[in-house]
Amino acid sequence: MERLHFNGNGTAHGGVLSSLLDNAVGLAIQSVSGAKAATTQMIHVDFIPQSPRNSSAVTGKCCIRPAAR
């Protein structure tokens, strides 16, 4: 990430992190299902207190539910 991705506190902006999460989950769905595209119907992100500035570790948990038909 570059400085332009940071908020006024000098930490990663939540919108940037949410976009990265959305993209990562979409790619994961495509790789598992073989689908050509995946559309986010809803995304909910809970943020925790900031990590140290030089931290490069990010963890997450995702629950994917099959689309209703």
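The values are calculated or read from the model by the stated rules, or taken from the named source; none is laboratory data. Predicted model, so just to flag it, every value in this text is computed and none were measured. Glycine gets a Cβ as well: all are built from the backbone with ideal geometry, and neighbour counts include every protein chain shown.
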Original post:
For segment 33-41, does any single residue satisfy the condition of being farther than 15 Å from C63 by Cα, among the charged types (D, E, K, R) and outside any helix (DSSP H, G or I)?
Top reply: yes
Original post:
Counting only residues that are within 17 Å of the chain's Cα centre (by Cα) and under 22 Å from E2 (Cβ atoms), which one in segment 27-54 is modelled with the highest pLDDT?
Top reply: L27
